[in-house]
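These notes concern the structure reproduced below.
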Amino acid sequence: MLDHLIRRVTVVDGTGAPSYVADVGIRDGRIAVIDRGPAAVKAGGRTGERARTEEDGTGLVLAPGFVDPHTHYDAQLFWDPYATPSMSHGVTTVVGGNCGFSLAPLNPARPEDADYTRRMMSRVEGMSLAALEEGAPWTWSSFGDYLDALDGRLAVNAGFMVGHCALRRYVMGPRAVGGTPDDGQLRGMLALLHEAMDAGAWGLSTTQSASHSDGDGRPVASRHALPGELLALSRAVGAHEGTQIEAIVAGCLDRFSDAEADLLVRMTAAAGRPLNWNVLTIDAAEPGRVPHQLAASEKARAAGGRIVALTMPILTPMNMSLGTFCALNLIPGWGEVLALPVPERIDRLRDAAVRAELLRRARGPEAGVFRRLADFARYVIGDTYAKENDGLTGRRVGDIAAERGQAPFDCLVDICVADELRTVLWPMPTDNDPASWELRRHTWDHEDVLLGGSDAGAHLDRMCGAPYTTRFLGDCLRGRRLVPLERAVRMLTDEPARLFGLRDRGRIAQGFHADLVLFDPERVDAGPAALVHDLPGDGPRLDARAVGVVSVRVGGVETVRHDVVTGALPGRVLRSGRDTETVGTVGAAGTAGAGNF
């Protein structure tokens, strides 16, 4: 007997093949029956097997569960096993431990390392410190201990990279920031990395990005690593089945330097494993960026490696503030001012010379991709607090500035100062033009470009990238229609599953795990982001409801019904080797070659 049967549903199987109508049956967590015979479209279906439960899928689409390749759910899964809001938007597998940051291993001889890690994650990934302190048990030492602490208590499937910063901190202690390991310490890091991958870590993640600082405002540990250390760790990754590398360098945000591209190429070649990075920013106003960034992928293939760029298929809304850490802090010259205590910060922001210098730096070449934030006339005012700001919510700064006879940046700062810097700011994207969307569509065809980069679980009160799956599907079905539905589903399912070597996931095929999402193609979408207070310690985060998602199943068990979690916890910690197989660096499937750029 089948556990569940979905009759007369339109199957989009993840391979990119045309959709078809079928009866789909589930047994013991796997897809047991796909009956697409002529009678499947008739009332009653064709499948003769009985099922404990069944539903009519007429007019609905059944797709494989979506795979989010770049999240930071490492801590949130302890208090939220449903990985909200990702799972409600059809995501059944998440990848954590990215950007060089994992919560394990922790040196048991230094209990203070857990506090250091929490403060680092709070600063660098925008997580609530109270939630980190109250919501996770922090009882682990080894990476295997951490995985064991999660196993059996998840609704979603989750796999994790081991973070370079954790390896350095474990072995070097406080000297991990600013220090270089001696031979014995490097051997210690390699031993820890091997141990983590033996326990199921998916590989190594690392960062050398100037935007990544710890809780003390100092460059995180992995930023101090020299190429020899990175290459030694990369070679260790290649000794294990089903592993990967994820790496961030400063040029990920704009353009790689020659040295950065060379380092990434050497790392993937040393490991003999794919290396992914994020995020590839696509903007028709900067037409040279995409070919420049993807040139690193060409060099990697020539060297026997593979470099994959993650890019988002939507424009992720972000809110900002001059009162709390946000992307504005990452503009060169801004961080020093915005890190001051609020009273001093306000005094500096009132100074016309300081404003002029901030504006110059934001528009200068050293700002890189953050120059996109410098069109202050396009900002929309969100929540305000001072009486003199009444009526400004929802209005463009440019319009307010014109009424006041001010320059837009001066107007914005005056509004924020009146609110004691609590004003919520919504920067409107400058790359929402037809040319940029056409460039995105073209770029998605590249064999070394993958959809992802949501950062779900991080920057909780500043951005909400988790709903990119449903928002992208809605755009493909009823909006810009840049790619057909079958292609869109493949980009969200099979392509990330194949990059990570997920065994029997990413497609609707007989014998595959029944990770499934059932949605209404006439309605599927994501609602607007809204601030909620549901973190441990009553902290805020941005959430967005799923629209048109009827059901999500993980291992055949329903975890979401009409955007409401069921309480079931069928998810698994996916471990390298057991749940992933080795993916080569040569001959990756794709629809276009690097020569198209």
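The values are calculated or read from the model by the stated rules, or taken from the named source; none is laboratory data. Owing to the predicted nature of the structure, the values given are computational and were not obtained by experimental measurement. When we count neighbours, we look across all protein chains shown, and the Cβ atoms used for this are built from the backbone with ideal geometry, even at glycine. Accessible surface areas use protein heavy atoms only, side chains included; no ligands, DNA or RNA. Shrake-Rupley method; radii C 1.70, N 1.55, O 1.52, S 1.80 Å.
Can ARG404 be described as in contact with a Cys (Cβ under 8 Å, 6 or more places away or on another chain) and open to solvent by 30 Å² or more (accessible area, probe 1.4 Å)? Considered against the rule, which asks whether it is in contact with a Cys (Cβ under 8 Å, 6 or more places away or on another chain) and open to solvent by 30 Å² or more (accessible area, probe 1.4 Å), ARG404 comes out as yes. For the stretch 376-401, what are the residues that are assigned to a helix (DSSP H, G or I), more than 20 Å from TRP334 (Cβ to Cβ) and open to solvent by 60 Å² or more (accessible area, probe 1.4 Å)? Result: LYS387, GLU388, ASP399.
Go through LEU132, LEU147, LEU154 for me and flag whichever is open to solvent by less than 30 Å² (accessible area, probe 1.4 Å), assigned to a helix (DSSP H, G or I) and touching a residue at least 60 places away in the same chain (Cβ under 8 Å). Can you show your working first?
Working: LEU132 fails: touching a residue at least 60 places away in the same chain (Cβ under 8 Å); LEU154 fails: assigned to a helix (DSSP H, G or I).
Exactly one of LEU132, LEU147, LEU154 is open to solvent by less than 30 Å² (accessible area, probe 1.4 Å), assigned to a helix (DSSP H, G or I) and touching a residue at least 60 places away in the same chain (Cβ under 8 Å), namely LEU147.
Of the set (1) in a strand (DSSP E or B); (2) surrounded by fewer than 21 Cβ atoms within 10 Å (Cβ to Cβ); (3) of a type outside the set (S, T, N, Q), all apply to GLY159 but (2).
Could you tell me whether ARG481 is of a type in the set (Lys, Arg), modelled with pLDDT of 95 or more and in a helix (DSSP H, G or I)? Talk me through it step by step, then tell me what you get.
Numbers: of a type in the set (Lys, Arg): yes; modelled with pLDDT of 95 or more: yes; in a helix (DSSP H, G or I): no.
For ARG481, the condition - of a type in the set (Lys, Arg), modelled with pLDDT of 95 or more and in a helix (DSSP H, G or I) - is not met.
Taking the stretch 526-597 as the region of interest, the strands (runs of 3 or more DSSP E) fully inside it that hold 2 or more residues being at pLDDT 95 or above and within 21 Å of SER454 (Cβ to Cβ) are 549-554, 557-561.
One line per residue, one yes/no per condition, for (1) among the hydroxyl-bearing types (Ser, Thr, Tyr); (2) in contact with a strand residue (DSSP E or B) (Cβ under 8 Å, 6 or more places away or on another chain); (3) under 15 Å from GLY159 (Cα atoms):
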| position | (1), (2), (3) |
| --- | --- |
| LEU62 | no, yes, no |
| PHE66 | no, yes, yes |
| PRO105 | no, yes, no |
| ALA109 | no, no, no |
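Mind listing whichever residues of the stretch 325-365 are among the aromatic types (Phe, Trp, Tyr) and either open to solvent by 40 Å² or more (accessible area, probe 1.4 Å) or touching a Ser or Thr at 6+ places or on another chain (Cβ under 9 Å) (or both)?
Our first condition is that a residue be among the aromatic types (Phe, Trp, Tyr); within the stretch 325-365, this holds for 325, 334.
Once the filter is applied, which keeps residues that are among the aromatic types (Phe, Trp, Tyr) and either open to solvent by 40 Å² or more (accessible area, probe 1.4 Å) or touching a Ser or Thr at 6+ places or on another chain (Cβ under 9 Å) (or both), the stretch 325-365 yields only PHE325.
Among the residues in the stretch 265-275, are any closer than 30 Å to LEU132 by Cβ, crowded, with 18+ Cβ neighbours inside 10 Å and in contact with a strand residue (DSSP E or B) (Cβ under 8 Å, 6 or more places away or on another chain)?
Here is the first cut: in the stretch 265-275, the ones closer than 30 Å to LEU132 by Cβ are 267, 275.
Imposing the further condition that a residue be crowded, with 18+ Cβ neighbours inside 10 Å reduces the set to 267, 275.
Right, trim to in contact with a strand residue (DSSP E or B) (Cβ under 8 Å, 6 or more places away or on another chain) and you get 267, 275.
Taking every residue of the stretch 265-275 in turn, at least one turns out to be closer than 30 Å to LEU132 by Cβ, crowded, with 18+ Cβ neighbours inside 10 Å and in contact with a strand residue (DSSP E or B) (Cβ under 8 Å, 6 or more places away or on another chain).
Among the residues of the stretch 4-21, those that are free of Cβ contacts under 8 Å to residues at least 60 places away in the same chain and farther than 16 Å from PHE519 by Cβ comprise LEU5, ARG7, TYR20. Confirm whether ALA199 is in contact with a Lys or Arg (Cβ under 8 Å, 6 or more places away or on another chain), of a type in the set (A, V, I, L, M, F, W, C) and in contact (Cβ under 8 Å) with a residue 12 or more places away in the chain. Spelling it out, ALA199 is indeed in contact with a Lys or Arg (Cβ under 8 Å, 6 or more places away or on another chain), of a type in the set (A, V, I, L, M, F, W, C) and in contact (Cβ under 8 Å) with a residue 12 or more places away in the chain.
Of all the numbered requirements in (1) crowded, with 23+ Cβ neighbours inside 10 Å; (2) more than 24 Å from TRP444 (Cα to Cα), ALA488 misses one, and that requirement is (2).
Out of curiosity, is ALA418 within 26 Å of ASP347 (Cβ to Cβ) and free of Cβ contacts under 8 Å to residues at least 60 places away in the same chain? Let's see the steps before the verdict.
Values: within 26 Å of ASP347 (Cβ to Cβ): yes; free of Cβ contacts under 8 Å to residues at least 60 places away in the same chain: yes.
Answer is yes for this residue.
Find the residue count for the stretch 2-60, including only residues that are assigned to a loop (DSSP other than H, G, I, E, B) and at pLDDT below 95.
In the first step, residues of the stretch 2-60 are kept if they are assigned to a loop (DSSP other than H, G, I, E, B); the result is 12-19, 28-29, 36-37, 42-50, 57-60.
With the extra rule that they be at pLDDT below 95, the set shrinks to 36-37, 42-50.
Total satisfying the criteria: 11.
Among the numbered conditions (1) within 29 Å of ALA210 (Cα to Cα); (2) touching a residue at least 12 places away in the same chain (Cβ under 8 Å), the only one that PRO365 does not meet is (2).
Whenever a residue of the stretch 564-582 is within 15 Å of HIS513 (Cβ to Cβ) and among the hydrophobic types (A, V, I, L, M, F, W, C), its partners that are open to solvent by 20 Å² or more (accessible area, probe 1.4 Å) and part of a loop (DSSP other than H, G, I, E, B), lying with C-beta atoms within less than 9 angstrom and at least six residues away or across chains, give the pairs VAL573/ASP151; VAL573/GLY152; LEU574/ARG503.
Answer yes or no: is there a residue in the stretch 448-460 that is touching a residue at least 24 places away in the same chain (Cβ under 8 Å), closer than 30 Å to ARG118 by Cβ, open to solvent by less than 30 Å² (accessible area, probe 1.4 Å) and not in a loop (DSSP other than H, G, I, E, B). Looking through the stretch 448-460, at least one residue is touching a residue at least 24 places away in the same chain (Cβ under 8 Å), closer than 30 Å to ARG118 by Cβ, open to solvent by less than 30 Å² (accessible area, probe 1.4 Å) and not in a loop (DSSP other than H, G, I, E, B).
Among the residues of the stretch 278-324, which ones are small (Gly, Ala, Ser), within 21 Å of GLY452 (Cβ to Cβ) and surrounded by fewer than 18 Cβ atoms within 10 Å (Cβ to Cβ)?
Answer for the stretch 278-324, where residues must be small (Gly, Ala, Ser), within 21 Å of GLY452 (Cβ to Cβ) and surrounded by fewer than 18 Cβ atoms within 10 Å (Cβ to Cβ): just ALA295.
Just the residues that are out of contact with any Cys (no Cβ under 8 Å at 6 or more places or on another chain), assigned to a loop (DSSP other than H, G, I, E, B) and more than 27 Å from GLY584 (Cβ to Cβ), please, taken from the stretch 216-268. Scanning the stretch 216-268 gives ASP216, GLY217, ARG218, LEU226, ASP254, ARG255, SER257. Residues that are open to solvent by 20 Å² or more (accessible area, probe 1.4 Å) and more than 29 Å from ASP148 (Cα to Cα) are absent from the stretch 230-247.
Of the numbered criteria (1) part of a loop (DSSP other than H, G, I, E, B); (2) surrounded by fewer than 19 Cβ atoms within 10 Å (Cβ to Cβ); (3) at pLDDT 95 or above, the one ALA435 fails is (1). For the stretch 174-182, does any single residue satisfy the condition of being farther than 27 Å from ALA497 by Cβ, open to solvent by 10 Å² or more (accessible area, probe 1.4 Å) and touching an Asp or Glu at 6+ places or on another chain (Cβ under 7 Å)? Yes, that holds for at least one residue. Please list, ordered by first then second residue, the pairs with beta carbon atoms under 9 Å, 6 or more apart or interchain, first in the stretch 502-513 and buried (at least 24 other Cβ atoms within 10 Å of the Cβ), second assigned to a loop (DSSP other than H, G, I, E, B) and of a type in the set (Lys, Arg). Here the result reads HIS513/ARG503; HIS513/ARG505, each pair linking the stretch 502-513 to a residue that is assigned to a loop (DSSP other than H, G, I, E, B) and of a type in the set (Lys, Arg). For the stretch 119-128, filtered to residues that are assigned to a helix (DSSP H, G or I) and in contact (Cβ under 8 Å) with a residue 60 or more places away in the chain, the residue that is farthest from the chain's Cα centre (by Cα) is ARG119.
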